[in-house]
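The next block holds one structure in the form of structure tokens; read it before the comments.
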Amino acid sequence: MSASRRELNSHPAAGVSLKDQACIVGLGETEYVRRPGSGLSLLALQLQAAVRAIEDAGLAPNEIDGLMPFPNLGSAEGFAANLGTQNLRYAATIHTGGAAPVASLQAAATAVVTGVAQHVLIPAGWNGYSGPRARDTVAEDAASMPGGAIARDYYLPYGLTAPPQWYALMARRHMHEFGTRPEQLGAIALAMRKHAQLNPRAVMCGRPLSLEDYLASPMLSDPYRVLDCCLETDGAAAVVVTSVERARDLKQKPVYIMGTASGQPYPADEITNRKDIFETGLTRAAPEAFAMAGVSPRDIDFAEIYDCFTFEVLQQIEETGFCKRGEGGAFVEGGRIELGGELPVNTHGGLLSEAHVLGMNHIVEAVRQLRGEADQRQVKDAEIGLVTGWGDFGDGSIAVLRR
Amino acid sequence: MTQAGTEYTKPLPTLQGLTQEFYDWCGERELRFQRCSECSAWRHVPREMCAECGSFRCEWAPSSGRGTVFTWTVVARALHPAFKDALPYAPVVIEMEEGVRILSEVLDCPLDELEIGMPVEVVFDEVTPGVTLPKFRRARA
């Protein structure tokens, strides 16, 4: 009995392939701001992004029949009522934190390919600056706290209370096992900031960063410095997904979902007791997404990687298969991940330097790149890109997209 | 250790269910982990069943109390108000001889002397009359 329980279940049985059957056909974003805040409620902020995405798709709100709101909205009902979506056939919310927007692409693709819904809207956003901040995780109730009851009962008593501290545990171990250095984490922060200088929407546009600035940044939770951490901003973004047939009737150049997958580490709800602490959801999801897409990491022209913290970019580069485990430090050095380099990462500046929009801004940037609308940030001849999501204690999601 | 008369303001575990059983053993100054009655697999944090073999039967088996430092982070800026006075401090992951890992802290060890692989042994800190937390110190030779 134990053998069958312990074997990782192999790739699911072949069914209908999703490859190239679903497209992203609309995108929308609010402004991304810090002081003085968006001035909008959590709901209004996300509605604004949604309205823009629907318009960008050339649709009317009442044509939306699928909705995948982020958990911070509670449920789809209020959102649909405000939007004027009268015929909601498909409503679902994915609860894997920042992995949810990309995982929602996967779910939306299955809905439109099977005909369960025709136009699925995925909004995501928050007042991460003017509202409750990610840094202020205080255990009021286990259900709303990242890590839930396990964090409350086994982490918080010892002062392990917030995301940079959890992930710092992995980063330190990585430095020990592979010799990863702070300057390599700095190279990631610098690349994101450099890209933000080319992005007028980025909160950090106009604020370049040097390695000296980075190393002088105060330590938060060793090895994470303040400049290793994502921004806290107000903003929302949204995309619309439809079938490849329907996409042909709409006004934008469709961006095809070639391959997509989700995964969780084991155990997903507790970060210290993993056989391999670097094995995250993305470790399992990436090969599945590439297999569906029929491409390999070599074919990827750019990668929008969920950058809650610099080390997580390095970790995801390894787990996606762009390099071997432990080689991420060397990979991010020397400009390889900058525009003009071998694998531009977070061409918009990412969560680190554009804004924290729960990773939905990474999907939007990927679509812009593949539409050829990335202005000064355009990756020349961008044909295939990918976007990742990361949530909670390492849940992962990935979508390989093409023009 | 807690000063007499000082209010303890740090977060405490919610003592119910399996968490209560774990911390009740700590209150007896014993570190015990669940051990599956059918396949003998150790586990931490407490779970309802054995993920290795599917059994719902287990015992609270005594740990040797010895382990090594697996990883840690030094918190330089508190993100939780109750820990502002404790800065800098280090949550440490200890890998126990039994194979499970536990998040705790290492007492009486300067933070710059923490080392991966450092041998440690458990001690017990009665932080409030109702709650004892397992903590560690460097193992004596």
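Just a few scattered comments:
- Evaluation of B:VAL127 against (1) in a strand (DSSP E or B); (2) within 12 Å of chain A (Cβ to nearest Cβ); (3) within 30 Å of B:GLU52 (Cβ to Cβ); (4) touching a residue at least 40 places away in the same chain (Cβ under 8 Å) (one fails), failing number: (3)
- Single residue of segment B:15-44 satisfying the filter (of a type in the set (S, T, N, Q) and surrounded by fewer than 21 Cβ atoms within 10 Å (Cβ to Cβ)) that is nearest to A:LEU220 (Cα to Cα): B:THR19
- Extreme residue, surrounded by the fewest Cβ atoms within 10 Å (Cβ to Cβ), among residues of segment B:45-68 that are within 10 Å of chain A (Cβ to nearest Cβ) and under 25 Å from A:GLN165 (Cβ atoms): B:ARG47
- Segment A:221-252, subset in a loop (DSSP other than H, G, I, E, B) and in contact with an Asp or Glu (Cβ under 9 Å, 6 or more places away or on another chain), residue surrounded by the fewest Cβ atoms within 10 Å (Cβ to Cβ): A:LYS251
- Condition check for B:VAL127: aliphatic (A, V, I, L, M), closer than 25 Å to B:CYS36 by Cβ and in contact with a Phe, Trp or Tyr (Cβ under 6 Å, 6 or more places away or on another chain): no
- Here segment A:288-299 is the region considered, the condition is being under 18 Å from the mean Cα position of the chain (by Cα) and buried (at least 20 other Cβ atoms within 10 Å of the Cβ), and the residue that is nearest to the other protein chains (Cβ to nearest Cβ) is A:ALA289.
- Only listed residue being farther than 26 Å from A:ALA149 by Cα, in a helix (DSSP H, G or I) and either at pLDDT 95 or above or among the polar types (S, T, N, Q) (or both), chosen from A:ALA261, A:ALA291, A:ALA303: A:ALA291
- Residues located in segment B:91-101, provided they are free of Cβ contacts under 8 Å to residues at least 60 places away in the same chain and either facing chain A (nearest Cβ under 7 Å) or in a strand (DSSP E or B) (or both): B:PRO91, B:VAL92, B:VAL93, B:ILE94, B:GLU95, B:ARG101
- Selection from segment A:17-38 of residues that are of a type outside the set (Ser, Thr, Tyr), outside any strand (DSSP E or B) and more than 28 Å from A:VAL295 (Cβ to Cβ): A:GLU31, A:ARG35, A:GLY37
Residue-by-condition table, conditions (1) touching a strand residue (DSSP E or B) at 6+ places or on another chain (Cβ under 6 Å); (2) under 28 Å from A:ALA191 (Cβ atoms); (3) not aliphatic (A, V, I, L, M):
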site	(1), (2), (3)
A:LEU227	no, yes, no
A:ASP234	yes, yes, yes
A:VAL240	yes, no, no
A:ALA247	yes, no, no
A:LYS251	no, no, yes
A:MET258	yes, yes, no
A:SER262	yes, yes, yes
A:TYR266	no, no, yes
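- Among the candidates A:GLU304, A:GLU245, A:GLU279, residue that is in contact (Cβ under 8 Å) with a residue 24 or more places away in the chain and either touching a Gly at 6+ places or on another chain (Cβ under 6 Å) or more than 21 Å from A:ILE337 (Cβ to Cβ) (or both): A:GLU279
- Matching residues in segment B:69-86 - criterion: being more than 9 Å from chain A (Cβ to nearest Cβ) and either buried (at least 17 other Cβ atoms within 10 Å of the Cβ) or farther than 20 Å from A:ALA168 by Cα (or both): B:VAL69, B:ASP85
- Screening segment B:14-44 for residues that are in contact (Cβ under 8 Å) with a residue 24 or more places away in the chain and among the acidic types (Asp, Glu) and picking the one that is nearest to the other protein chains (Cβ to nearest Cβ) gives B:GLU21.
- Subset of segment B:87-115 [surrounded by 16 or more Cβ atoms within 10 Å (Cβ to Cβ) and over 15 Å from the mean Cα position of the chain (by Cα)]: B:TYR89, B:CYS109, B:LEU114
- Residue count for segment A:158-170, restricted to those that are part of a helix (DSSP H, G or I) and either over 19 Å from the mean Cα position of the chain (by Cα) or at the interface with chain B (Cβ under 7 Å from one of its Cβ atoms) (or both): 5
- Qualifying positions in segment A:312-347 - more than 17 Å from A:GLY186 (Cβ to Cβ) and surrounded by fewer than 17 Cβ atoms within 10 Å (Cβ to Cβ): A:LYS324, A:ARG325, A:GLY326, A:GLU327, A:GLY340, A:GLU342
- Options A:ARG181, A:ARG173; residue that is within 7 Å of chain B (Cβ to nearest Cβ) and modelled with pLDDT of 95 or more: A:ARG173
- Filter pass, A:SER221 being within 9 Å of chain B (Cβ to nearest Cβ) and over 22 Å from A:ARG35 (Cβ atoms): yes
- For segment B:13-25, the count of residues that are modelled with pLDDT of 95 or more, among the hydroxyl-bearing types (Ser, Thr, Tyr) and touching a strand residue (DSSP E or B) at 6+ places or on another chain (Cβ under 8 Å) is at least one.
- Test: residue in segment A:224-236 that is within 14 Å of chain B (Cβ to nearest Cβ), without any contact (Cβ under 8 Å) to a residue 12 or more places away in the chain and of a type in the set (A, V, I, L, M, F, W, C): yes
- Selection of segment B:116-141 for residues being hydroxyl-bearing (Ser, Thr, Tyr) and either under 25 Å from B:ALA61 (Cβ atoms) or surrounded by 16 or more Cβ atoms within 10 Å (Cβ to Cβ) (or both) yields only B:THR132.
- Restricting segment A:88-97 to residues that are modelled with pLDDT of 95 or more and of a type outside the set (A, V, I, L, M, F, W, C), the residue that is farthest from A:GLY148 (Cα to Cα): A:ARG89
- Annotation: A:THR110 fulfils all but one of (1) modelled with pLDDT of 95 or more; (2) polar (S, T, N, Q); (3) touching a helix residue (DSSP H, G or I) at 6+ places or on another chain (Cβ under 9 Å); (4) in a helix (DSSP H, G or I); the unmet one is (3).
- Residue selected from segment A:253-272 under the condition closer than 28 Å to A:GLY294 by Cα and touching a Leu at 6+ places or on another chain (Cβ under 7 Å), by the criterion surrounded by the fewest Cβ atoms within 10 Å (Cβ to Cβ): A:TYR256
The values are calculated or read from the model by the stated rules, or taken from the named source; none is laboratory data. Owing to the predicted nature of the structure, the values given are computational and were not obtained by experimental measurement. So basically every Cβ, Gly included, is an ideal-geometry build from the backbone, and we count neighbours across all protein chains shown.
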